[in-house]
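Trainee: After the structure tokens below, expect a handful of questions from me.
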Amino acid sequence: HVQLMESGGGSVQTGGSLTLSCAASGSILSINAMDWYRTAPGKQRELVVDITSDGTTTWYADSVKGRFTISRDNAKNTMYLHMNDLLPEDTAVYYCSAPIILTSRGPVYDSWGPGTQVTVSS
């Protein structure tokens, strides 16, 4: 059994910063790529950032490029999202996702955390 859990959400004013964490737990051997998605009020879920298993390659949505930074600590099975210069349009529930997690019981596909709320006020 594998579980992803986000933390670090909260309320900030425009221009503020937050750091989200996503911790994976279970009998994990390794985690492939990991992603942050977000769902804003009245909008569809969108991919925000992606990071490869070794952390060397990242992808950012244009809307967050230059403001958000993704990183991961494989020894801790944890991924981070450093968010700077936050804007009201960043208000959303943020979810972490791992398409493939290799465990001692075999691969686990399409794992998601329950989400953490980020609210940015103007």
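Trainee: Considering only the stretch 70-120, state which residues are in a strand (DSSP E or B), under 16 Å from the mean Cα position of the chain (by Cα) and among the polar types (S, T, N, Q).
Mentor: S71, T78, S97, S111, T116, Q117, T119
Trainee: Here is a follow-up. From the list D50, D54, exactly one residue is surrounded by 15 or more Cβ atoms within 10 Å (Cβ to Cβ), among the acidic types (D, E) and either part of a strand (DSSP E or B) or out of contact with any helix residue (DSSP H, G or I) (no Cβ under 7 Å at 6 or more places or on another chain) (or both). Which is it? If you could, list the steps in order and put the result at the bottom.
Mentor: On the way: D54 fails: surrounded by 15 or more Cβ atoms within 10 Å (Cβ to Cβ).
Answer to the check: D50.
Trainee: Quick one: is G15 open to solvent by less than 30 Å² (accessible area, probe 1.4 Å) and more than 13 Å from S97 (Cβ to Cβ)?
Mentor: Numbers: open to solvent by less than 30 Å² (accessible area, probe 1.4 Å): no; more than 13 Å from S97 (Cβ to Cβ): yes.
Answer is no for this residue.
Trainee: Looking only at the stretch 70-122, filter to residues that are in contact (Cβ under 8 Å) with a residue 24 or more places away in the chain and aromatic (F, W, Y); which one of those is surrounded by the fewest Cβ atoms within 10 Å (Cβ to Cβ)?
Mentor: Only one residue tops the list, namely W112.
Trainee: Please determine, by comparing only the residues of the stretch 1-47 that are hydroxyl-bearing (S, T, Y) and not in a strand (DSSP E or B), which one is nearest to S104 (Cα to Cα).
Mentor: S27
The values are calculated or read from the model by the stated rules, or taken from the named source; none is laboratory data. Please read all numbers here as calculations on a predicted model, not as lab measurements. Neighbour counts are summed over all protein chains in view; Cβ atoms, including those assigned to glycine, are modelled from backbone coordinates with ideal geometry. We work out accessible area using only protein heavy atoms, side chains counted, and drop any ligands, DNA or RNA first. Shrake-Rupley method; radii C 1.70, N 1.55, O 1.52, S 1.80 Å.
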